[in-house]
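Written below as structure tokens is the structure these notes are about.
The numbers here are math on the coordinates, done by the rules we state, and not lab data. These numbers come from a predicted model, not from an experiment. Here the Cβ positions follow ideal geometry from the backbone for every residue, glycine too, while neighbour counts run over all protein chains shown.
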Amino acid sequence: MRWRGRRTSSNIEDRRTGRGARRVGGVGGVGAILVVLASLFFPEAVPVLRMLGLDGAGGGLVQGPVQTLDEPRRDDQTQFVSVVLADTETIWSEIFAAGAFERAGNRYDPAVLVLFEGGTTSPCGNASAQSGPFYCPADGKIYIDPAFYEVMATKLKAPGDFAQAYVIAHEVAHHVQNLNGVLPAVQRRRASLSSVEGNRLTVRVELQADCYSGVWARRIEERERVLEEGDLNEALRAAYSVGDDILMRMSGRRVDETKFTHGTAEQRARWFKIGLQSGDIRACDTFSQPYQQL
């Protein structure tokens, strides 16, 4: 992905050790993200890395903590995140301004992206490496511990900068869903559903976010020509690698469709591709068709 020397976002809150809580970025400057495993658009967090044995506890796939980045690499990573976040702001501002979400108005209110290290707090609960990247609708912020990127690349076999960009695009898509009323409506509806039907409704939310991510990828490429060879394959591989069926197999569990909350690997990659090919949010309606046809 071509990102160096491009516009960065000021909506980055850096809470990492020794930095305090500060905003970084802005117009100009230079500017790493990754794939999403657990998206906390609802208050209940799913400790995905712990489920996979990737937190260093209990002899899982990874032993000990993920290596902390040195300062130059950390700054480079921060700039990359800022550029991708700025790209989402550009595209979603254009989509909102065009009146795509009538109930949400014509102005896009950007999300804040929180970078943390090890753990932090949020209105949706404590954030940690075990919860993975997530969006909290209570404060409109995205939470990411960048150490997770290494796990994605080495353990889930989803490397690459555009795989990382997909993570941010996916979490920003949940912010869009919050602004346009999808998340609040789903939360209300889940209260009257069984756990199985509630999970299926959440899968629809996730697949729509994957589709919105594809829409973003299509539009930012048309606008800025940022893609390099292999970038789209990185994003598709990333979406595929975090399907519920893949994660259940990796954790040694039986694949149980009733427990799905994000969709299968095939579904996640397919809905990203639907958004990518259409570039149109109207193609991302995951709520009107029968569940088995998603």
Practice prompt. Just subtract the alpha-carbon distance of Thr121 and Arg253 from 0.36 nm times their residue separation and send over the number in nm, one decimal.
Written response: 44.5 nm
Item to complete: With r as the distance between the Cβ atoms of Gln187 and Ala100 and R0 = 25 Å, compute the FRET efficiency 1/(1 + (r/R0)^6) and round to 0.05.
Response: 0.65
Worksheet entry | Extension reserve of the Asp285-Asp109 stretch, reckoned as 0.36 nm per residue once the Cα distance is removed | 61.1 nm
Discussion item. At 0.36 nm per residue, and after removing the present C-alpha to C-alpha distance, how many nm does the segment from Ala138 to Ser194 gain when stretched out fully?
Written reply: 17.8 nm
Practice prompt. Within the set of other residues whose C-beta is less than 10 Å from the C-beta of Val203, count the net charge using Lys and Arg as +1 and Asp and Glu as -1.
Written response: 0
Discussion item. Which of Phe116, Phe148, Phe287, Phe101 has the fewest other C-beta atoms within 10 Å, and how do the rest follow up to the most?
Written reply: Phe287, Phe101, Phe116, Phe148
Worksheet entry | Rg [Å, one decimal], Dmax [Å, integer] - segment 129-245, C-alpha atoms | 15.1, 47
Discussion item. Let me make sure I get this right: for segment 184-294, a, b and c are the square roots of the gyration tensor eigenvalues over alpha carbons, sorted descending. Under 1.5 in a/c it's rounded, otherwise prolate if a/b > b/c, else oblate. Which is it?
Written reply: oblate
